[in-house]
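The values are calculated or read from the model by the stated rules, or taken from the named source; none is laboratory data. Bear in mind the structure is a predicted one, so any value in this text is a computation, not a measurement. Glycine gets a Cβ as well: all are built from the backbone with ideal geometry, and neighbour counts include every protein chain shown. Accessible surface areas use protein heavy atoms only, side chains included; no ligands, DNA or RNA. Shrake-Rupley method; radii C 1.70, N 1.55, O 1.52, S 1.80 Å.
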2 protein chains.
Amino acid sequence: MVATGGYLYEHLADELSQAIDRGALRAGDRLPSVRQLAHERSVSVATVLEAYLRLENAGMIEVRPKSGHFVRRRALATAEPRAPRVCVTPQKVTVGGAYTKILASMRDPELLPFGCATIDPSYLPMAALNRTVIQILREIQTVEARYEAAPGLLTLRRQVARRLVATGAVLGEDDLCTTIGGTEGLSLALRAVAKPGDVLAVESPAYFGILQIIEGLGMRAIEIPAHPRNGLDVDGFEELIKTQPVKAVVVSPTLLNPLGSIMPDDAREQLVRVTKRHDIAVIEDDVYGELVFDGTRPRPLRAFAPGPDSHVLLVGSVSKTLAPGYRVGWVAGGRWQDQIVRLKHGASLACPSLHGMAVAEFLASGGYDRHLRRLRAALSGNVDRYREAIATTFPDGTRVSQPRGGFVLWVELPQGVDSLQLHEHALRKRIVVAPGPLFSARGRFSNFLRISCGTPWSPRVEAGLDTLARMVARAS
Amino acid sequence: MVATGGYLYEHLADELSQAIDRGALRAGDRLPSVRQLAHERSVSVATVLEAYLRLENAGMIEVRPKSGHFVRRRALATAEPRAPRVCVTPQKVTVGGAYTKILASMRDPELLPFGCATIDPSYLPMAALNRTVIQILREIQTVEARYEAAPGLLTLRRQVARRLVATGAVLGEDDLCTTIGGTEGLSLALRAVAKPGDVLAVESPAYFGILQIIEGLGMRAIEIPAHPRNGLDVDGFEELIKTQPVKAVVVSPTLLNPLGSIMPDDAREQLVRVTKRHDIAVIEDDVYGELVFDGTRPRPLRAFAPGPDSHVLLVGSVSKTLAPGYRVGWVAGGRWQDQIVRLKHGASLACPSLHGMAVAEFLASGGYDRHLRRLRAALSGNVDRYREAIATTFPDGTRVSQPRGGFVLWVELPQGVDSLQLHEHALRKRIVVAPGPLFSARGRFSNFLRISCGTPWSPRVEAGLDTLARMVARAS
């Protein structure tokens, strides 16, 4: 994977890469320190640093702050799904009926929920949260006799701001507005920066919920390829805006759903710079931001565009980490903050207070970080097992993403397999999967699936994936 | 108030009306039965019926089912505020900063909340609701680990449908979608039936939240006069649509906020008929529907336009009766139901389940009806006291509405008093009032105030109204 060449660092990188491929260095192994390796090989520290950087960029190793370099988890050598090519025609968005079916399927516990990006209740700290809720109700009996109109509960905004500051995004409570989950945050952000008919750049593949919102608002989408490991192709974006009147770009730099990709810092910096120069708003979907497996927290785009006049709007929620049913989310609207508050007044006026208070308390107590550590470990284990099962049972020609966090896999099936049909067939076998075309405004990815690994591994899960594998084999 | 004339029934009505005005018949008194009076006066039953109908239409008496005719509460003979004239230019809506200030003021318990249409927590059954919430959390610990995507919680939709059926609106659970309060219901309904730039007919005065939503959606509003007692002027509406391309009409037939008016059945029937003929959608805001003082429940417009293909969209919530902080509302989208569900997916995806479950249980238990009886009695008493205070302390030329339910008064101040200025002055004295121009897309009602009677009578309330009275006197 690492090209050989004339330079010392290239040889060194190549050698290490082969050691990893052969299994001499295994996932999780710590690499020698930079100084140590420089000493052993009699090369400069700069050469080792450069070699490590190449391996890191190739996704083979990772840096853990204060710990050193480690070989990344790579369950299998299965190839990654391919990114699509650029296409420059803005599309009116129409998300198919599969979306509604997937949402409806969430209500049926008899179905295997590979289709929804939700995690099993057993992973969530419901007991602790419920205790907090009950305590609040006992202490403030009338807590829900009133509401907090937007911008919403101060204690929650304060806690969220505090967490964001730790990621490098300098925000205060006044920069935030609470929302009904991340969905309302995205919807308000889009409404604030664009109007019906306007062109938005989205990732390809994109989270289908965003396409659904864009459809509802009568806006148009133009797709920018996203790489399974590094996310949005910023060069492609830069090329595109030369010819297209793009009003805003919606992007998930940390763990794009469905890819699990992470945009490198230099790509983030480039995106913020380019959009600022061209006066294009950036809507940053950060709902997976806390779920990077190695526990690092990449700097949000917002950190690269500080100040109240920021052109980056940051959207977050606790739906992927704490309690989807709470519908607790937020948006930092940057220069559109006042407008977002006004739009929220008209969209839903206020969020329920009780759950906001419970979340604020959970964040303040430190319970959230302890919970996140356990959750990331569990999800990382799930992703490995699901990935291994797919790699070993699905037919040749299948490619699987290697997400760096979160809990979904992006699976490219052999050419010719129709994933919409597969979705229908699977549903008859009581298995829900998300078909690829959902993730595109133009119906791309007809032979792709998103598979959620939010359910703990079990014989039932294993049998379900096996059934899917046979279906794919028959269809290919 | 009742004109004399040549007919027997007119004389009879006139006589009774004078008896009421003189105090011989007092608020709450039962009138003789129709047969009894016919016998006493030696007139026909038809004549008495006609006389009673005239008094009823004049708002002086009311029918209580199975009990007979009663003199209506009329604290004072203060004149009613006047309805505005028709104006046929659609307006781009801009709601002023007073709106944001009023919402912000809700957070400060030190302020006298005459400005917000919210009721004091002491009127709400929070203890009972909290018990239900705690019980649900104990029985289903993971209730909030999942969410119910739109159309939302089945048990809640079923209970709401059941209550609506009792009002004459034949609806099933599938006809409903749960929303974040009535606000989201109105927003989704508007988005389903109209697009930016479209013209909507609204009442004048209108609930300012609706104007806020319309502003956010970039639609235009055209105002139809509403009468303090009978609400929307349907003849005026019919005249207007001859020349204006009205896409939809937003209307509160039962207890329009701020008037407390109730549209008579024939006006309801006429509105439904006319709109159907002209293919105009009707968005019915029914959030005050349960708060008619005499306990009657006028048939919603939706009852006049039955079937899944209905052109009437009904919006309701429990925010005015149970728990504003729950943000539990609903919309019956008629022929736009599927579209509303899709729009809800993009707007906020799902409502919190716990509160929906608690409300469903409260409705099913019969607790809601018991609570409503107490609540209506309390609010009716408040409205009478506030009204009396205003009538006796505000300067000559003040007119006050005589609401038939709810808890707000619409006060017309002497010509020349600037209610926006008054709002500012009052705020400095820690009193919040809602200035008239908020209730109009064209800044009408500059000498009107809405005063909420949701706070129990107390020396503080009395002093606050007194302060207002002096301010008005100085300004007039």
key: B:Trp457 accessible area, assembled protein chains, probe 1.4 Å, Å²   = 60
inquiry  = From the phi angles alone, apply the Karplus equation (6.51, -1.76, 1.60; θ = phi - 60°) to region A:377-393 and give each ³J(HN,Hα) in whole Hz, x where the residue is Gly or Pro.
reply    = 4, 5, 5, 4, x, 4, 4, 4, 5, 4, 5, 4, 4, 5, 5, 8, 10
Förster radius 60 Å - calculated FRET efficiency between B:Asp235 and B:Asp108 (Cβ-Cβ, nearest 0.05) = 0.85
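Give me a single rounded figure for A:207-217: the average over its residues of other chain Cβ atoms within 10 Å of their Cβ.
Working: counts 0, 0, 3, 1, 1, 6, 5, 1, 4, 10, 5.
The shielding value for this peptide is 3.
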ask   = Is there a pair in A:Lys195/B:Lys101; A:Lys101/B:Lys195; B:Lys66/B:Lys247 whose C-alpha atoms are over 31 Å apart, and which pairs would that be?
value = B:Lys66/B:Lys247
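Computed over the Cα atoms, what is the radius of gyration of region B:264-358 divided by 2.2 N^0.38 Å, N being its residue count? All intermediate terms of the calculation are to be shown ahead of the outcome.
Working: Rg = 14.9 Å, N = 95, 2.2 N^0.38 = 12.4 Å.
Expressed relative to 2.2 N^0.38 Å, the Cα Rg reads 1.20.
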note = Between B:Ala27 and residues 5 or more places away or on another chain, the pairs with built amide H atoms under 5 Å apart involve B:Arg74
note = In Å, the Kirkwood estimate of hydrodynamic radius for chain B over Cα pairs equals 23.2
task = Work out how far the C-alpha atoms of region A:8-71 reach from end to end along every principal axis, then list the three figures in whole Å, largest first.
result = 26, 26, 20
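So which trypsin sites (Lys or Arg not before Pro) in region B:102-158 pass both tests, a DSSP loop state and at most 15 other Cβ atoms within 10 Å of the Cβ? Numbers along the way, then the final one.
Working: sites: B:Arg107, B:Arg131, B:Arg138, B:Arg146, B:Arg157, B:Arg158; in loops: B:Arg107, B:Arg146.
Counting only loop positions with at most 15 other Cβ atoms within 10 Å, the trypsin sites (Lys or Arg not before Pro) in region B:102-158 are B:Arg107.
How large is the Kirkwood hydrodynamic radius of the protein assembly as shown, in angstrom, based on all distinct alpha carbon pairs? List each step's numbers first, then the result.
Values: mean 1/r = 0.0331 Å⁻¹.
For the protein assembly as shown, inverting the mean 1/r across all distinct Cα pairs yields 30.2 Å.
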query = So what is the 222 nm mean residue ellipticity for chain B from helices alone, if each DSSP H run of at least 4 adds -39500 (n - 2.57) and you divide by all residues, rounding to the nearest 500 deg cm²/dmol?
reply = -13000 deg cm²/dmol
request  = Can you pull the one-decimal nm distance between simple spin-label points at A:Ser42 and B:Val165, each 7 Å off the Cα toward Cβ?
outcome  = 9.1
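Assuming R0 = 22 Å, can you tell me the calculated FRET efficiency for the pair B:Arg335 and B:Arg273, based on Cβ-Cβ distance, to the nearest 0.05? Kindly include the intermediate steps, with their values, before the conclusion.
Values: r = 17 Å, r/R0 = 0.77.
For B:Arg335 and B:Arg273, the calculated efficiency is 0.85.
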key: 10 Å Cβ neighbours from other chains, averaged over peptide A:169-181   = 1
Nearest-first distances (nm) between copies at A:Arg335, label 7 Å from Cα via Cβ = 4.4
task = Using the 7 Å Cα-to-Cβ label point, sort the distances from B:Gly366 to its equivalents in the other copies shortest first and give them in nm to one decimal.
result = 5.2
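How high is the relative contact order of region A:227-345, given as a whole-number percent (alpha carbon pairs under 8 Å, six or more residues apart)?
On the way: 177 pairs, mean separation 25.0, N = 119.
Answer for region A:227-345 is 21 percent.
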ask   = Quick one: helix B:337-347 against the long Cα principal axis of chain B, what's the angle to the nearest 10°, folded into 0 to 90?
value = 60
inquiry  = Starting from 0.36 nm per residue, how many nanometres of slack lie between B:Arg428 and B:Trp457 once their C-alpha separation is accounted for?
reply    = 8.3 nm
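What FRET efficiency do you get for A:Arg26 and A:Thr142 if R0 is 35 Å and r is their Cβ-Cβ distance, rounded to the nearest 0.05? Display every interim value, and only then the final one.
Values: r = 58 Å, r/R0 = 1.66.
For A:Arg26 and A:Thr142, the calculated efficiency is 0.05.
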inquiry  = Give me a comma-separated list of calculated 3J(HN,Hα) values for region A:24-37, in order, Karplus coefficients 6.51, -1.76, 1.60 applied at θ = phi - 60°, integers in Hz, x for any Gly or Pro.
reply    = 5, 10, 10, 3, x, 5, 8, 7, x, 5, 4, 4, 4, 5
request  = Specify the inter-centroid distance of region B:374-416 and region A:301-350, based on alpha-carbon positions, in whole Å.
outcome  = 40
query = Taking the alpha-carbon set of region B:124-368, what are its Rg and Dmax in Å?
reply = 17.5, 60
request  = Please work out the Cα center distance from region B:247-281 to region B:430-453, rounded to the nearest Å.
outcome  = 23
query = In the full protein assembly as shown, how much of B:Val272 is accessible to a 1.4 Å probe, in Å² to the nearest 10?
reply = 10
note = Residues meeting the amide H criterion for B:Ser204 (H placed from the backbone, H to H distance under 5 Å, 5 or more places apart or on another chain) are B:Ile224, B:Ala226
message = From the phi angles alone, apply the Karplus equation (6.51, -1.76, 1.60; θ = phi - 60°) to region A:354-360 and give each ³J(HN,Hα) in whole Hz, x where the residue is Gly or Pro.
response = 3, 6, x, 5, 4, 5, 4
query = In nm, to one decimal, how far is the A:Gln18 label point from the A:Lys242 one, both placed 7 Å along Cα→Cβ?
reply = 4.1
